[in-house]
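First up is the structure itself, then whatever we jot down about it.
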């Protein structure tokens, strides 16, 4: 599809529709199985239906066990990082290029995306956003913050075991011990 892929179109549709995914790629079937709406996933949908697998909300959450995480981790290198994020705002759809993102902040069941001086609220988890973005450009610096490292100006000590990330526009974000370790690994 030239403008949006099937998952982006799905994001924009009303939530009460049933959807059938048909794909020849395992990584797309895994992604489809994580959708929160009832889905049918199959790498080859045969007329006889012998290879169909029905996924509902219960089975989608059941696939989040250790086996499901391992399978997604194995599929991740094959999937290219997202180059844009869609945010639906009533009738409008904002298409944000990842190069515009400053940082993403978790807010309960939503994320607040800070990009180009604007804030966008999206019903998605921080973990889902993190998984879709390039891990060489975006790092989880805190349980509630995902940072575009291109926006980082400096790190300053804040408390005994924590630091503060100072962005190029002067904003300050907390950095946990684990986040600092991830930053150091990424920046070499």
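The values are calculated or read from the model by the stated rules, or taken from the named source; none is laboratory data. Computed from a prediction, not measured in an experiment: that's the story for all the values here. Ideal geometry is used to build each Cβ from the backbone, glycine not excepted, and the neighbour counts take in all protein chains shown.
A few remarks follow.
- Taking the criterion of being touching a helix residue (DSSP H, G or I) at 6+ places or on another chain (Cβ under 8 Å), closer than 22 Å to residue 97 by Cα and without any contact (Cβ under 8 Å) to a residue 60 or more places away in the chain, the only residue of region 153-181 that qualifies is 168.
- Scanning region 138-188 for residues that are out of contact with any strand residue (DSSP E or B) (no Cβ under 8 Å at 6 or more places or on another chain) and under 23 Å from residue 119 (Cβ atoms) yields 150, 170.
- Boolean, residue 103 is at pLDDT 95 or above and more than 11 Å from the chain's Cα centre (by Cα): yes
- Strands (runs of 3 or more DSSP E) within region 94-142 that include 1 or more residues buried (at least 20 other Cβ atoms within 10 Å of the Cβ), without any contact (Cβ under 8 Å) to a residue 24 or more places away in the chain and in the same structural domain as residue 182 (by TED's automatic domain parsing): 110-115
- When residue 139 is tested against the conditions (1) touching a helix residue (DSSP H, G or I) at 6+ places or on another chain (Cβ under 8 Å); (2) under 26 Å from residue 32 (Cβ atoms), the lone failure is (2).
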